[in-house]
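Here the structure is laid out as structure tokens; the discussion comes afterwards.
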Amino acid sequence: MHDNSTETLLRFSIRHSIIEHTAYIMAMQKIEQIHQRSRLAKIAGGLLITGHTGSGKSTVKAQYAERYPREEAIDRTIIRVLVVDTPSSPTVRSLVTAMLVALGDPVSHRGTAEEKTERLYKLIKGCGVELFIIDEFQHFLDRGKLSEACTVTDWLKNLINRVNVSVILMGLPRSNYVLELNEQLRRRFTSSYSLDSFAFSHMDDIQQFRAVLNAVQQQLPIPSHMLSEYEMAKRFHIATHGLIDYLAKLIDGAIQIAALRHLKALDQRTFSEAFVETVWRDCPSELNPFNVDALLKPLTGRGEPFSFVSEELNTALFQKLKRIGRKKVEVLP
């Protein structure tokens, strides 16, 4: 039975529920396999998980870390899974500092890069770290300086070799090109998984996306137009590009509109307004997927909300890396 009181709706967020779709389950299983193999066989493995912004990488990272919460022992904190976000402009010094902060080092900013690195080795061993999850891996190249990126990737390779801990790298699809900078590091990450957007081209893809929408509908605190009905599912796919984070934004936005306007149910017009509020504020009426006369085309063109899907690998730097392939990388001036 629905409870659509204003207070209940304002408290609601679909993000409080984990929609365990196939890609999410597979990513979690792959991380678990790497982790357990490392723990039991003492063999450090590597896995690169890529996906566009909003594909659910952060949820996977957070949910896996929650399986292994920190434990306070008498003389130390046990941290089996260490989660680190790559600094926006990583250097050896900034990356090792980020790791020391994640480990709880009270003097994380003190010392040279070499001194910090030695302290990091000791803390990794002392805290019983079994697995690294390093997010935003594409930042290794986002500065556009290959010389710096080569130095940092070499440092990461040496860290993995010395501490013998498995590593999960996460980042945008262009993260694949970071591994081209270091042959030895690339060999550790031959295993990869793409946690990408839901497709809407083949029957199996469509059924998976409709199943997610059906699962979402079961969580709603207010009656709604049938989300998983084919035509509505197509509109949702265009409105979110099949990205789970944008789906959450859209659903939460519609619920908030219902709360503030004291609506008794969600309809297509509510989702149309929510799309403008949460996804594309300057959307022309004919491109709003929930409008009756909408064109219903992918919103990946320039100036449209999902242009990043086609633009991500089109910078001069990544075009250069694609040409280089797996040959020795030339340092840019």
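The values are calculated or read from the model by the stated rules, or taken from the named source; none is laboratory data. Just so you know, these numbers come straight off a predicted model, no measurement behind them. Note: ideal-geometry Cβ built from the backbone for every residue, glycine included; neighbour counts use all protein chains shown. For the accessible areas, the whole protein counts, side chains as well, though only heavy atoms, and no ligand, DNA or RNA atoms are used. Shrake-Rupley method; radii C 1.70, N 1.55, O 1.52, S 1.80 Å.
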Suppose we filter segment 170-207 for residues that are under 25 Å from residue 298 (Cβ atoms), open to solvent by less than 40 Å² (accessible area, probe 1.4 Å) and of a type in the set (Asp, Glu); how many remain?
0
Give the residue that is surrounded by the fewest Cβ atoms within 10 Å (Cβ to Cβ), with candidates limited to residues of segment 17-35 that are out of contact with any Asp or Glu (no Cβ under 9 Å at 6 or more places or on another chain) and under 22 Å from residue 158 (Cα atoms).
34
Just checking, which of 330, 277, 304 is modelled with pLDDT of 95 or more and of a type in the set (Asp, Glu)?
277
Suppose we keep only residues that are more than 27 Å from residue 38 (Cβ to Cβ), under 24 Å from the mean Cα position of the chain (by Cα) and not acidic (Asp, Glu) within segment 95-144. Which one would you say is surrounded by the fewest Cβ atoms within 10 Å (Cβ to Cβ)?
144
Which pairs turn up if I take residues in segment 248-264 that are over 29 Å from residue 58 (Cα atoms) and look for partners that are open to solvent by less than 60 Å² (accessible area, probe 1.4 Å) and in a helix (DSSP H, G or I) with beta carbon separation below 7 Å, at least 6 apart in sequence or on another chain?
262/6; 263/270
Can you tell me which residue is nearest to residue 245 (Cα to Cα) among those in segment 1-16 that are open to solvent by 90 Å² or more (accessible area, probe 1.4 Å) and under 19 Å from the mean Cα position of the chain (by Cα)?
15
Need the failing condition index for residue 223 against (1) in contact with a helix residue (DSSP H, G or I) (Cβ under 9 Å, 6 or more places away or on another chain); (2) at pLDDT below 95, just the number.
(1)
Condition (residue is crowded, with 20+ Cβ neighbours inside 10 Å and either in a strand (DSSP E or B) or out of contact with any Phe, Trp or Tyr (no Cβ under 9 Å at 6 or more places or on another chain) (or both)) applied to segment 160-167: is it met by at least one residue?
yes
Would you say residue 58 is part of a helix (DSSP H, G or I), small (Gly, Ala, Ser) and open to solvent by 30 Å² or more (accessible area, probe 1.4 Å)?
yes
Confirm whether residue 265 is surrounded by 15 or more Cβ atoms within 10 Å (Cβ to Cβ) and small (Gly, Ala, Ser).
no
Across (1) farther than 21 Å from residue 173 by Cα; (2) in contact (Cβ under 8 Å) with a residue 12 or more places away in the chain, residue 286 clears everything bar (2)
Right, residue 292: of a type in the set (Val, Ile, Thr) and not in a loop (DSSP other than H, G, I, E, B) or not?
no
Which numbered condition in (1) touching a helix residue (DSSP H, G or I) at 6+ places or on another chain (Cβ under 7 Å); (2) touching a residue at least 40 places away in the same chain (Cβ under 8 Å); (3) of a type in the set (A, V, I, L, M) is the only one that residue 103 fails?
(2)
Among the listed residues 19, 25, 49, identify the single one that is part of a strand (DSSP E or B) and within 17 Å of residue 244 (Cα to Cα).
49
Can you list residue pairs whose Cβ atoms sit under 9 Å apart, with the first residue in segment 156-167 being on the phi > 0 side of the Ramachandran plot and the second being part of a helix (DSSP H, G or I) and surrounded by fewer than 20 Cβ atoms within 10 Å (Cβ to Cβ)? Count only pairs 6 or more apart in sequence or on different chains.
164/38
